[in-house]
């Protein structure tokens, strides 16, 4: 598998990324569109979902990523493995979540947001992916037994994500988790742990 070189940082607030998403034909993306959906926001190269889709064939997996070259390569990798319960979409999460989930014939059961761009500068923090609007939208579409998993190696970012979900009455949280409850680790998580650094993790349940 070849590695695609892309920009590390993409500003989701730029005009280039404000166009409405063209809604997919779900029956063309998934063999069984009615299966419960796992949504991975900011899926990067998609290696996490490629493994999850193999391990959990009774779920559909959708990766959203704002860097189009990564999406193109991820879908090539998915096609090579002939995975019919997985797809990757190029989009801006902030304006794509609601129309996508409104059109999905199954149910949103699981969400993961892992190691999002931290946007350290104060004036850039409005570009962070977990904003109140996203929390409200996920609360609207997530099933009552569904969950949202968050993790970051940047404590400030992890705390901000946790606090924004904790402020919403629809969610209850697990507290900080010492280990990853999911069966697959992202490439970023593996690298951070190999360096001996800490990963901050929390899981929210739909109340």
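Every read-out reported here was derived from the displayed coordinates using simple, explicitly stated rules and does not represent laboratory data. This one's a predicted model, so the numbers in the text were calculated from it and none came from an experiment. Reconstructed Cβ throughout: ideal geometry from the backbone, glycine too, with neighbour counts over all protein chains shown.
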Q) For segment 130-207, what does the alpha-carbon gyration tensor say about shape, rounded, prolate or oblate, given a ≥ b ≥ c as the root eigenvalues, a/c under 1.5 as rounded, and a/b over b/c as prolate? A) prolate
Q: Answer rounded, prolate or oblate for segment 14-105, using the Cα gyration tensor with square roots of eigenvalues a ≥ b ≥ c: rounded when a/c is under 1.5, else prolate when a/b is larger than b/c, else oblate.
A: oblate
Q: Quickly work out the residue 84-to-residue 140 label distance, labels modelled 7 Å from Cα along the C-beta direction, and quote it in nm with one decimal.
A: 3.3 nm
Q | Cβ-derived FRET efficiency at R0 30 Å, residue 195 paired with residue 23, nearest 0.05 | A | 0.15
Q. Rounded to the nearest 500 deg cm²/dmol, what is the calculated helix-only ellipticity per residue at 222 nm for the chain, with -39500 (n - 2.57) per DSSP H run of length n ≥ 4?
A. -9500 deg cm²/dmol
Q | Theoretical gain in end-to-end length, residue 160 to residue 10 [0.36 nm per residue, Cα-Cα removed] | A | 52.0 nm
